[in-house]
Amino acid sequence: MTFQQLTYDQISVGEQAELSLTATTETVENYASLIGDTNPVHLDEEFASKSFFKRRIAHGMLAAGLVSAVLGTRLPGPGAIYLSQELEFKRPVYLGDTITAKVEVIEKYDKHKKVRLRTWVENQTEQIVLNGFAMVLVR
């Protein structure tokens, strides 16, 4: 596997990157098993049908994790150090949804080689399911 490691000077304000994932039953069950979040709204169709959402949903942090994947593999990419993340969950991600995490460089801080990015996740109908901002250190 080849990784493109960007230097701080190679990154420009306005630059964007993205990564997509479909929230399948297997994806959600694997995520629940990995992190231990077995809330039945994610895993049990009958329970979820009686919930606010009326059907199973993916973990919100699964969408946030996809943002992390963009930052670590695309922009800024390998070697970047994730310092902080602000998150606002706007809509649920239902099983079967394909979500796309997107990031855009909005500021650079030359003194410490930090980059601030707008981060968001859209579903397949381009509805925003997650909004936020990240701060990343680029070596």
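Read the figures in this text as sums done on the coordinates, not as results from a lab. Everything numeric in this text was worked out from a predicted model, so none of it was measured. Don't worry about glycine lacking a Cβ; one is built from the backbone with ideal geometry, like all the others, and counts go over all protein chains shown.
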Total residues in the range 13-26, condition part of a helix (DSSP H, G or I) and in contact (Cβ under 8 Å) with a residue 40 or more places away in the chain: 1
Considering residues that are within 15 Å of TYR8 (Cα to Cα) and buried (at least 17 other Cβ atoms within 10 Å of the Cβ), the number found within the range 80-103 is 1
Positions within the range 28-47 being without any contact (Cβ under 8 Å) to a residue 40 or more places away in the chain and under 13 Å from VAL93 (Cβ atoms), in sequence order: TYR31, VAL41, HIS42
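With the condition kept exactly as written, say whether any residue in the range 72-79 is over 9 Å from the mean Cα position of the chain (by Cα), part of a helix (DSSP H, G or I) and either of a type in the set (S, T, N, Q) or surrounded by fewer than 16 Cβ atoms within 10 Å (Cβ to Cβ) (or both). Give the derivation first.
To start, the set of residues in the range 72-79 that are over 9 Å from the mean Cα position of the chain (by Cα) comprises 72-79.
Add one more test, that the residue is part of a helix (DSSP H, G or I), and what stays is 72-73.
From what is left, the residues that are either of a type in the set (S, T, N, Q) or surrounded by fewer than 16 Cβ atoms within 10 Å (Cβ to Cβ) (or both) are 73.
Looking through the range 72-79, at least one residue is over 9 Å from the mean Cα position of the chain (by Cα), part of a helix (DSSP H, G or I) and either of a type in the set (S, T, N, Q) or surrounded by fewer than 16 Cβ atoms within 10 Å (Cβ to Cβ) (or both).
Here's the yes/no breakdown for (1) β-branched (Val, Ile, Thr); (2) part of a helix (DSSP H, G or I); (3) exposed (fewer than 12 other Cβ atoms within 10 Å of the Cβ); (4) within 19 Å of the chain's Cα centre (by Cα):
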| site | (1), (2), (3), (4) |
| --- | --- |
| GLN5 | no, no, no, no |
| VAL28 | yes, yes, no, yes |
| TYR31 | no, yes, no, yes |
| VAL41 | yes, yes, no, no |
| GLY65 | no, yes, no, yes |
| VAL70 | yes, yes, no, yes |
